[in-house]
Ligand code: TTP
Ligand code: CA
Ligand code: CA
């Protein structure tokens, strides 16, 4: 249940940025001939032309939607270009998209505290940058206002198309505005600059919301798409929220929102205003009641987290209809593939970012033969994560068997699995200068290779098995092989971005600097398109982004990415080693070699909640069926 966080005393400037038709833009950069064309990215072509997962704005004009199959899209838009998502290990390979997202994060994180919220979304806390602008070069006394900022959409500012930009400019420069709005105006200028910079350096457009908190910024970032930004002045909050359906609010899309509708007759956020805080507390408890009361008033104290890397890594696949898995062998074969990918990603995270994942979780969806209406869910299972593909595969299969037993008893048949995913979570940073834990996890021969461990040198970490709620595990990518795709959320492994860094195309970069002078995204778009055409004619071929494959580009980008990440890390208070003690399972530490235990104990304060419960010394002992 959501809980109200204390609001900061000072006004803040928060932005939420979301890339436009993201996968399509990535494909358009790889193949610039697709720019400006109706285009969609599809998964799997073997059934009705594949499921659409991203649709360009040109195609949307024809009525093409993400829920369609390729054949249907071709029917409503015969000229559509369908691009197949890259495939590896018989499933979608999203690395190219993750890397592209990381490029954007690296740029955005230069201006303030930056939280990567999904594969194509970021929150920024721009309070300090806005304050600095307000004190050093306030818009009201600037002769020049960055052009893209004058194209902002300001809630409640109505004007004709003809004088729109003039009015926005006047709003940004108001001398009589209150301090909060002045900060917001600076935020709008900074975000416009960042969006142009993102476009110059990555060729991607994004949309943004700028407000005094995360909730409002997120709510409006998609309001004007593509390539636009929307600002929420405090004075417009009540009107804006009044007619908004409660289900659109973050955390109200599920059961809580349904209960508001069914039990209190609340359909819009405005309806919620009719209830006192006490009444809401009566229904939903003190914390959630207060949270609801504040949410209805656009108040949210939620902080932007300082996090450029994902909270967890996950990969999954769905097997709907006839594709459902019905034997242990079939499940094992798919789990092995998923675990192989997961292992590569956490190893890469370890090598490049010095981060260690602690928990492996398996989620599955299952149904029982002849029991279509059975409501029993396949329980999610977790255990401490052991590095090494083989170990992850072994543990994941044991987690599956344990879950299957809870779901279905000892029978071997009669079940079918319609989705599987494995997630590595509870990721913590290894402090710089720490070598022994890396040696321990990577084994003595660690280097450029991705070999992790000498299996004999890695003890089985004490495992635990239990139900893990979905909210514990973010960023699981689920891919359907038939008939439609669904990705909940996915984040990057930024190291991949470093490996895949883009090499700038010379012809394009010249045009980019011109766009910088003008400061307008629209201008850039028209210029860069012609730049791509020039390049194409010159080479006699359609240019693809070679930098993504080039090894020299990789090392350069690696340096670049690293610098950015370290710089961002330096923002946080004394951030040589920031460890949330709650994130480390004391039992996991207890199982490490003494050398490592001493090192870890040196970093962390003794945990008040350290569990003294013994769980057993081998992973297998934790896979026995849970007691009922
Ligand atoms: P979104 O941000 O939801 O959508 P989008 O970027 O394609 O379009 P918009 O301009 O409206 O923001 O998702 C980001 C990417 O995630 C999207 O390009 C493809 C992928 N994705 C899926 O693969 N399946 C899904 O169901 C969703 C929602 C997204
Ligand atoms: Ca998007
Ligand atoms: Ca998004």
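The values are calculated or read from the model by the stated rules, or taken from the named source; none is laboratory data. Because the structure is a prediction, the values reported are computed rather than measured. For neighbour counting, all protein chains shown are included, and Cβ atoms are generated from backbone atoms with ideal geometry for every residue, glycine included.
Overview of values
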| item | result |
| --- | --- |
| Leading residue by the ranking (surrounded by the most Cβ atoms within 10 Å (Cβ to Cβ)) among those in the range 1-33 that are part of a helix (DSSP H, G or I) and away from ligand 1 (no atom under 16 Å from the Cβ) | 32 |
| Unique residue being under 18 Å from residue 317 (Cα atoms) and modelled with pLDDT of 95 or more when the list is 360, 404 | 360 |
| Evaluation of residue 306 against (1) surrounded by 21 or more Cβ atoms within 10 Å (Cβ to Cβ); (2) in contact (Cβ under 8 Å) with a residue 60 or more places away in the chain (one fails), failing number | (1) |
| Among the residues listed as 157, 183, 216, 134, the single one being more than 16 Å from ligand 2 (Cβ to nearest atom) and closer than 22 Å to residue 249 by Cβ | 216 |
| Residue ranges of helices (runs of 4 or more DSSP H) in the range 47-149 with at least 1 members within 23 Å of the chain's Cα centre (by Cα) and under 19 Å from residue 227 (Cβ atoms) | 57-60, 95-108 |
| Test for residue 59: is it more than 16 Å from ligand 3 (Cβ to nearest atom) and within 30 Å of residue 300 (Cα to Cα) | no |
| Qualifying positions in the range 163-194 - in contact with a strand residue (DSSP E or B) (Cβ under 9 Å, 6 or more places away or on another chain) and within 10 Å of residue 149 (Cα to Cα) | 168, 172, 185, 187, 188, 190, 191, 192 |
